[in-house]
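Since the structure comes first, as structure tokens, the remarks are kept for the end.
The values are calculated or read from the model by the stated rules, or taken from the named source; none is laboratory data. None of the values given here were measured: they were computed from a predicted structure. FYI the Cβ positions are ideal-geometry reconstructions off the backbone, even for glycines, and counts take in every protein chain you see.
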Amino acid sequence: MFTTLPKRGISLGLGDRIGIATPGHIKVAKKYNFFPVFAQQSIRELNFTGRTFTDVRKDALNALVEENYVGNSGFDGDHLKSDEEIQYALDSGITMLTLDCSEHMNKDSSIKDQIFEQFYNKSFFVNDMPIEYSDKNELNKIVSIYASVIERVIDVWNKFPKVNKKDVSFEVSVDETDVPTDEKTHFLISKYIYDEGVKIDTLAPRFPGEFQKGIDYIGNIQEFKKSLIKQDKIAKYFGYRLSIHSGSDKFSIYPIIGEVTQGNYHLKTSGTSYLEAIKVIAEKDPGIFKKIWQTCLDKREEMDKYYHLSCDPFSVPKDLSPTEYLQNPDGRQTLHVSYMFVLNPQYSFREKFFEILTKYQNEYHQNVANHIEKHVKELKIEEKS
């Protein structure tokens with residue numbers, strides 16, 4: 001059954017864009033000690049794939065029954081923005097609400113002056129870490145960017161009974177920005193909403209470096225670790241866990257995440273299982289794969305409207321074999337968001353895509369399991385006894 005997420009420990013947002021990846025996820029969840037969120041989709045993903053939250057719920061539940069999975073798991077309404085999206089997700093039975101605050105950054109707020117006055121010339125200690133707000137210009141910049149975000153979090157908490165009665169886990173996402181979240185910003189957000197009675201379960205900050213889709217972390221690993229240590233101290237101080245978004249395939253920083261958080265975090269890895277599906281397509285029907293790739297080239301600018309990407313698909317060598325595209329960082333990142341067209345009912349790929357995956361579903365499920373298990377091992381998650 002679907003339940004809220006645990007207060008402590010490791011949880012993984014696995015997600016299933018296509019509706020048939022969950023058996024592969026279950027293979028790993030049966031073997032390792034983490035709380036799985038099998039059902040995880042954003043409104044953006046639903047719109048492109050022609051699915052509903054009801055479809056997501058049904059597909060995941062069917063897989064749980066078919067695979068004889070015993071245990072709880074989560075259902076995440078990911079990157080929800082508007083009240084209408086939130087209500088739709090709640091009505092569909094989500095057990096985790098991820099509030100995307102990106103549209104409220106740098107917006108006017110009725111509580112801006114109040115926040116400034118509450119923090120200006122104040123000093124705080126988070127265990128051994130001092131946090132000071134003595135620089136007027138620095139504080140004004142933070143408040144200008146995040147006051148409306150704070151107001152939105154409080155508004156959602158007060159407006160939706162399932163949220164404030166803790167019928168769902170409540171995550172706040174501030175990662176959809178180019179500016180890394182420093183400790184002063186993180187503390188200010190958490191302190192203000194905490195004082196207003198808001199109890200969140202996870203918060204996704206913007207870490208330094210690049211968390212691009214389906215590829216390893218890009219950036220200074222030691223800088224990431226320094227930031228993670230500070231963010232984790234604040235999260236523990238206020239009683240919630242950190243959430244790491246676009247977390248798939250970030251193998252170089254997985255050991256650090258486990259070490260610093262002491263095994264208390266949520267990590268989202270939705271799109272990587274879709275890439276395993278593309279791998280099967282590339283192996284079994286190179287012709288279809290080439291058409292998918294050409295569509296990616298044709299629609300590259302459209303991808304940027306919906307995703308922050310650093311990839312250049314035109315730089316990918318033309319003499320690669322179909323499966324080698326998935327080993328090339330530019331190719332892999334591009335294909336990660338190709339679901340916008342491949343799974344979209346408005347395009348011609350969908351029927352053939354599912355025909356191939358249905359025929360080779362056992363192979364696909366094993367590929368998914370192997371790839372997710374690689375994540376789990378690098379995260380140093382223990383096997384069940």
_Could you check the range 299-311 and list, in sequence order, the residues that are of a type in the set (D, E, K, R) and either in the same structural domain as Ser73 (by TED's automatic domain parsing) or in a helix (DSSP H, G or I) (or both)?_
Arg300, Glu301, Glu302
*If you go through the range 314-345 one residue at a time, how many are over 18 Å from the mean Cα position of the chain (by Cα) and among the β-branched types (Val, Ile, Thr)?*
3
*Among (1) touching a His at 6+ places or on another chain (Cβ under 9 Å); (2) modelled with pLDDT of 95 or more, where does Tyr307 come up short?*
(2)
*What single numbered condition from (1) among the β-branched types (Val, Ile, Thr); (2) crowded, with 17+ Cβ neighbours inside 10 Å; (3) farther than 16 Å from His104 by Cα; (4) more than 19 Å from the chain's Cα centre (by Cα) fails to hold for Ile221?*
(2)
_Conditions first: (1) among the charged types (D, E, K, R); (2) under 30 Å from Glu259 (Cβ atoms); (3) surrounded by fewer than 16 Cβ atoms within 10 Å (Cβ to Cβ). Glu363 passes all but one, so which condition is the exception?_
(2)
_Number of the condition not met by Gly197 [criteria: (1) at positive phi; (2) assigned to a helix (DSSP H, G or I)]_ = (2)
*Among (1) more than 19 Å from Phe48 (Cα to Cα); (2) outside any loop (DSSP other than H, G, I, E, B); (3) out of contact with any Pro (no Cβ under 7 Å at 6 or more places or on another chain), which single condition is Asp330 missing?*
(3)
*For the range 188-198, state whether one or more residues are surrounded by 23 or more Cβ atoms within 10 Å (Cβ to Cβ), touching a helix residue (DSSP H, G or I) at 6+ places or on another chain (Cβ under 7 Å) and of a type in the set (Val, Ile, Thr).*
yes
_Of the criteria (1) crowded, with 22+ Cβ neighbours inside 10 Å; (2) touching a His at 6+ places or on another chain (Cβ under 9 Å); (3) in contact (Cβ under 8 Å) with a residue 60 or more places away in the chain; (4) assigned by TED's automatic domain parsing to the domain that holds Pro36, which one Ile278 fails_ = (4)
